[in-house]
1. Could you list all residues from the range 1-10 that are touching a His at 6+ places or on another chain (Cβ under 9 Å) and surrounded by fewer than 24 Cβ atoms within 10 Å (Cβ to Cβ)?
2. Please state which one of ALA306, ALA330 is away from the ligand (no atom under 13 Å from the Cβ) and either at pLDDT below 95 or not hydrophobic (A, V, I, L, M, F, W, C) (or both).
3. Checking GLN380 against (1) in contact with a Lys or Arg (Cβ under 6 Å, 6 or more places away or on another chain); (2) more than 11 Å from the ligand (Cβ to nearest atom), only one condition comes out false. Which one?
4. Only one of LYS184, LYS206 is within 16 Å of SER42 (Cβ to Cβ) and among the charged types (D, E, K, R); which?
5. Any idea which of SER38, SER2 is modelled with pLDDT under 95 and at negative phi?
6. Taking the conditions exactly as written (away from the ligand (no atom under 16 Å from the Cβ), in contact with an Asp or Glu (Cβ under 8 Å, 6 or more places away or on another chain) and of a type outside the set (Ser, Thr, Tyr)), does ALA404 satisfy them or not?
7. I'm told ALA338 meets every condition in (1) more than 10 Å from the ligand (Cβ to nearest atom); (2) within 27 Å of ALA86 (Cβ to Cβ); (3) in contact with a Lys or Arg (Cβ under 9 Å, 6 or more places away or on another chain); (4) of a type outside the set (Val, Ile, Thr) except one. Can you identify the failing condition by its number?
8. Identify, from the list ARG93, ARG82, the residue that is surrounded by 14 or more Cβ atoms within 10 Å (Cβ to Cβ), in contact with a Pro (Cβ under 9 Å, 6 or more places away or on another chain) and not small (Gly, Ala, Ser).
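The values are calculated or read from the model by the stated rules, or taken from the named source; none is laboratory data. Note that the structure is a prediction, hence the values are computed from the model and not measured. All Cβ positions, even for glycine, are placed from backbone atoms using ideal geometry, and neighbour counts span all protein chains on display.
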Amino acid sequence: MSGKTALVIGGGFVGAAAARRLQQAGFATTLIDAGDPSRAASFGNAGHLASEQVTPLASIATLLLLHKRLYSAGGPAAFPPRDIGAWLPFGLRLIAASMPSRYEAGSRALKAIVAAALPAWHRLVGEIGATDLIREQGHFVVWEKQATAAAGIRAACSVDYGYAAAREATGEELSMLAHRLAIKPAGAVRYTGTGQVIDLQALRGKLDDSFRQAGGIKLTGMVARLAIDNGRARAILADGTALIADHILVAGGAWSGDLLRDVEGPVPLIAERGYHIDTTLTDAEWPREMPPIAFGDRSAIITRFANTLRMTSFIEFSRVGSPSDPHKWAKLDAHADALGLSKGSARTRWIGNRPTLPDYIPAIGRSRKAGNLLYAFGHQHLGVTLAAITGELVAALATDTPSAIPLAPYDLQRFG
Ligand SMILES: Cc1cc2nc3c(=O)[nH]c(=O)nc-3n(C[C@H](O)[C@H](O)[C@H](O)COP(=O)(O)OP(=O)(O)OC[C@H]3O[C@@H](n4cnc5c(N)ncnc54)[C@H](O)[C@@H]3O)c2cc1C
């Protein structure tokens, strides 16, 4: 140990992976989390290790297609009127970030970090004895309409993904999909170099166990605010207790903006909420080795976890704590029924907050206002995918050593 200390605020995948890496870098590390694991986006996501998602969603293409993707038009993108105060300023920044020069810079930044994502996960699970909890078996994207299938296959197969690759699904693969589903796929793409987490809670548990076994301290509690004195940050708990450390990392997912506001000014982070339904299936109904399947015409993805089959969808630009919309779960139920998945069996429901910045690039860096304050949040749809590499980048920042990827594009300063 260096005799130095680190405090990580937030115990989702990003905070947990960073805590582990800070510890390995020689810091006596404490992680504090609010406690209820189901609050974290890390709890109920699709578990897809999405190394194919190399282009930011803030793009001219997204803007041109938005009218077709609106919830009111049957698509996934919802802008609840009650939350206009959150999504209107966010949307204006998203439009600015979609302009060609920023989009191209964002693409370079996203592609670099996404390419490093799976190798970093393989290193991390290897070290914590959890190689069985990550599987790099690729995934499918399926379309049900001829026109969308033709366009989707053409588009998917023309991208240089870096780590991942895509090809049109074979006849045999299409037959297998048709056999499992109650729909006849019009076409599909098979990705390689992508993967999934086998059991999200078990992987979080393994990260916690290895952290604790190596002397890490995990606290349950809420950091109410950050205070700055002479360029050094302290974390203040609700009861007024101050936690100090040589490095304090804000990794609070969609809540990170609230903590950083007093230090950095307003952070343009939105809660981009997604919904899931879970059902219990037997191996005969849905084999464990089936990779995730995304449905291009439904904007939904299904993932087989250890004990459940999960369907997730929707991008609701909203606020943490705004009421959920039961119609969205009903729509997921309707998709699952149409696909012939677990019709009639009990399903559980969840909503969670993707932490999204307007340019769809995560924020990883060091505060200009407090030398000991680091941040890692804003991982949008990719927080599970990018958690392990983010942990490595945070450790490089804390130890002031060169990082595998230049960190400038992820600095929060880009929002001025
Ligand atoms: C429906 C859905 C599907 C998704 N699918 C995928 C996918 O397939 N692949 C993928 O890579 N990503 C996916 N994502 C995105 C991914 O879940 C998130 O990007 C990721 O979980 C963010 O991790 P995080 O650790 O930054 O935040 P979180 O997981 O939200 O964790 C933040 C933690 O910090 C705690 N916290 C916050 N503030 C404080 C405070 N002040 N004091 C103490 N604790 C605090 C919170 O309670 C929480 O436990 C999906 C998200 C959703 C909603």
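1. Correct list: LYS4, THR5.
2. Result: ALA306 is the single residue among ALA306, ALA330 that is away from the ligand (no atom under 13 Å from the Cβ) and either at pLDDT below 95 or not hydrophobic (A, V, I, L, M, F, W, C) (or both).
3. (2)
4. Of LYS184, LYS206, the one residue that is within 16 Å of SER42 (Cβ to Cβ) and among the charged types (D, E, K, R) is LYS206.
5. From the options SER38, SER2, the qualifying one is SER2.
6. So ALA404 fits the description; yes.
7. Failing condition for ALA338: (2).
8. None of the other options fit; the residue is ARG93.
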